[in-house]
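The structure appears below as structure tokens.
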Amino acid sequence: MQILSSLAALLRSLPQSGRETLEGLYESIRTLFSGDRETRRSVAFSVAMIALAAKMAKADGIVSAPEISAFRQIFDIPPQELRNVFRLYDLAKEDTAGYEAYARRMTTLCTDPSGGCQLLADILDGLFHIAKSDGVIHQRELDFLTHVSEIFRIPEAEFAAILRRHVSTGRRGAYAVLGVEPDAPPAVVRARYLQLVKENHPDRLAARGVPDEFMAIGLERIKAINAAYDEVARAVAS
């Protein structure tokens with residue numbers, strides 16, 4: 001739970017007035033963890049997930065019990081740290097800065113000169129998991145997630161695959177999750193499946209800055225990828 005102790009240190013460094021701003025928050029991260037790049041990235045990732053989850057809940061108009069439960073499912077929070085995490089959640093929810101400002105700030109997590117960043121897709125995946133927790137992704141939530149993906153510069157095909165993982169069932173959704181065409185040869189489907197499993201191995205997530213406490217994001221994704229491959233394999237065999 002190293003990242004939670006780091007978040008606790010961050011919160012202790014903030015004013016107790018409860019009126020922290022986005023820029024002030026990230027200035028605190030830069031200052032507090034200036035000599036530790038990996039911790040800085042992990043804390044920034046955690047803040048991104050917590051803050052954008054709070055902004056999404058506000059955009060939807062209500063914070064439901066299933067959303068809180070889903071948030072806790074993808075962020076393993078021990079009881080003694082709940083107060084600190086939800087203080088940060090409330091700070092983000094009440095900040096006058098719109099979610100667009102938070103999303104744009106999150107793009108600084110990435111250093112890939114090509115503009116691609118799997119870490120941002122991890123954040124979006126976690127937000128989808130929270131959004132669907134009450135049984136349906138509402139239109140305002142989908143608008144929010146779509147706009148965030150545009151700010152993150154996530155390609156349309158990748159966004160579609162993330163969407164399908166969370167809202168689609170059946171054979172068509174399975175092909176979309178894997179990112180292959182329905183007429184793709186079995187060998188191509190198999191290769192794509194193995195690639196996705198490799199890309200979402202916990203070691204890969206850790207290497208790009210996803211804290212251990214958020215590894216449930218990858219586990220949920222692997223479940224969806226495995227289910228999609230099983231569906232496609234059955235279709236090929238029939």
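The values are calculated or read from the model by the stated rules, or taken from the named source; none is laboratory data. Worth saying up front: this structure is predicted, and the values here are computed from it rather than measured. Note that we place each Cβ from the backbone using ideal geometry, even for glycine, and neighbour counts take in every protein chain shown.
For the subset of segment 194-238 comprising residues that are assigned to a loop (DSSP other than H, G, I, E, B) and either β-branched (V, I, T) or in contact with a helix residue (DSSP H, G or I) (Cβ under 6 Å, 6 or more places away or on another chain) (or both), which member is farthest from E38 (Cα to Cα)?
Filtering first and then ranking leaves N200.
Do we find that G209 is farther than 18 Å from Q73 by Cβ, buried (at least 17 other Cβ atoms within 10 Å of the Cβ) and either within 19 Å of the chain's Cα centre (by Cα) or in contact (Cβ under 8 Å) with a residue 60 or more places away in the chain (or both) in this structure?
yes
Is it the case that some residue within segment 7-30 is acidic (D, E) and at pLDDT 75 or above?
yes
Looking only at segment 42-89, which residues are in a helix (DSSP H, G or I), among the aliphatic types (A, V, I, L, M) and more than 15 Å from S133 (Cα to Cα)?
V43, A44, V47, A48, M49, I50, A51, L52, A59, L82, V85, L88
Among the residues of segment 25-41, which ones are part of a helix (DSSP H, G or I) and touching a helix residue (DSSP H, G or I) at 6+ places or on another chain (Cβ under 9 Å)?
Passing the criteria: L25, Y26, S28, I29, R30, T31, L32, T39, R40, R41.
For A184, all conditions in the list (1) under 30 Å from S64 (Cα atoms); (2) not in a helix (DSSP H, G or I) hold save one; what is the number of the exception?
Failing condition for A184: (1).
Restricting attention to segment 156-180, which residues are outside any helix (DSSP H, G or I) and in contact with a helix residue (DSSP H, G or I) (Cβ under 8 Å, 6 or more places away or on another chain)?
Listed by number, the residues that qualify are S168, G179, V180.
A quick yes/no check of all residues on (1) closer than 19 Å to L25 by Cβ; (2) surrounded by 17 or more Cβ atoms within 10 Å (Cβ to Cβ); (3) in contact (Cβ under 8 Å) with a residue 60 or more places away in the chain; (4) aliphatic (A, V, I, L, M):
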{"site": "A53", "(1), (2), (3), (4)": "yes, yes, yes, yes"}
{"site": "S64", "(1), (2), (3), (4)": "no, no, yes, no"}
{"site": "E67", "(1), (2), (3), (4)": "no, yes, yes, no"}
{"site": "A70", "(1), (2), (3), (4)": "no, yes, yes, yes"}
{"site": "P78", "(1), (2), (3), (4)": "no, no, yes, no"}
{"site": "L91", "(1), (2), (3), (4)": "yes, yes, yes, yes"}
{"site": "E94", "(1), (2), (3), (4)": "yes, no, yes, no"}
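With under 29 Å from L142 (Cβ atoms) and either touching a Pro at 6+ places or on another chain (Cβ under 9 Å) or at pLDDT 75 or above (or both) as the only criterion, which of S34, S46 stands out?
S46
Output the number of residues of segment 28-48 satisfying the condition of being in contact with a Leu (Cβ under 8 Å, 6 or more places away or on another chain) and closer than 15 Å to L119 by Cα.
7
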